[in-house]
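Notes to accompany the following structure.
The values are calculated or read from the model by the stated rules, or taken from the named source; none is laboratory data. Since this is a predicted model, take the numbers as computed values, not measurements. In this analysis, Cβ positions are derived from the backbone assuming ideal geometry, glycine residues included, and neighbour counts consider all displayed protein chains. Note: areas computed on protein heavy atoms with side chains; ligands, DNA, RNA excluded. Shrake-Rupley method; radii C 1.70, N 1.55, O 1.52, S 1.80 Å.
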Amino acid sequence: DRKNPAVRFALDVYQAVSGGNWVLFFRLYKNAPLLCKPIMDKMADGVRLHALIAAAKGYRMLKVPVSYLTRTLNFETDSACVQFMVECGAALNDDQTELLPKQCTNLHPPEREEEDDEDKVRKGGLRVHSNNS
């Protein structure tokens, strides 16, 4: 039923991702219900990469402030945004405050190791339920 809020939300996320609308994706992410954020987290890097590629093409003759990308791509800090861009092969100015789109010729997905469940439990990101009470 498309009128169900959860179904409507899922369809909106699908439309944002399939249409390359990262602004809508991160607006939805900020207001995600229930357990949708962890699922959307799995898609976030891909959406960010596509946005970064689009920014590099669209702003080819300009420099793009990292602070703008931090807000647009929903990073908590500029340093997290810079780290992501460096992992993707983006070119930044010397003080890492601006993306240099003209020099971003080989952007690629970040290479990150997946944490196993034990690491997630240690960090408090996954709850393990035991039947042994």
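A few notes on this one:
- Some residue of segment 101-109 being open to solvent by less than 30 Å² (accessible area, probe 1.4 Å), modelled with pLDDT of 90 or more and over 11 Å from the mean Cα position of the chain (by Cα): yes
- Unmet criterion (only one of (1) at pLDDT below 90; (2) in contact with a helix residue (DSSP H, G or I) (Cβ under 9 Å, 6 or more places away or on another chain); (3) not β-branched (Val, Ile, Thr)) for PRO5: (2)
- Residues that are over 16 Å from GLY46 (Cα atoms) and more than 15 Å from the chain's Cα centre (by Cα) were ranked within segment 7-30; the one that is least open to solvent (accessible area, probe 1.4 Å) is PHE9.
- Scanning segment 31-46 for residues that are loosely packed, with under 11 Cβ neighbours inside 10 Å and either of a type in the set (D, E, K, R) or touching a Cys at 6+ places or on another chain (Cβ under 7 Å) (or both) yields a single hit, LYS42.
- The set of residues in segment 110-132 that are of a type outside the set (Lys, Arg), open to solvent by 100 Å² or more (accessible area, probe 1.4 Å) and modelled with pLDDT of 55 or more comprises GLU111, GLU113, GLU114, GLU118.
- Taking residues in segment 11-35 that are on the phi > 0 side of the Ramachandran plot, and partners anywhere that are open to solvent by less than 100 Å² (accessible area, probe 1.4 Å), the pairs with Cβ atoms closer than 8 Å and at least 6 places apart or on different chains are GLY20/ALA54; LEU34/ALA6.
- Sub-8 Å Cβ pairs linking a first residue in segment 70-98 that is surrounded by 17 or more Cβ atoms within 10 Å (Cβ to Cβ) to a second residue that is acidic (Asp, Glu), at least 6 apart or interchain, are THR70/ASP78; PHE84/ASP45; LEU92/GLU98, ordered by first then second residue.
- Top-ranked residue of segment 42-68 - restricted to ones that are in a helix (DSSP H, G or I) and in contact with a Lys or Arg (Cβ under 9 Å, 6 or more places away or on another chain), ranked as nearest to LEU92 (Cα to Cα): ALA56
- When LEU52 is tested against the conditions (1) open to solvent by 20 Å² or more (accessible area, probe 1.4 Å); (2) touching a residue at least 40 places away in the same chain (Cβ under 8 Å), the lone failure is (1).
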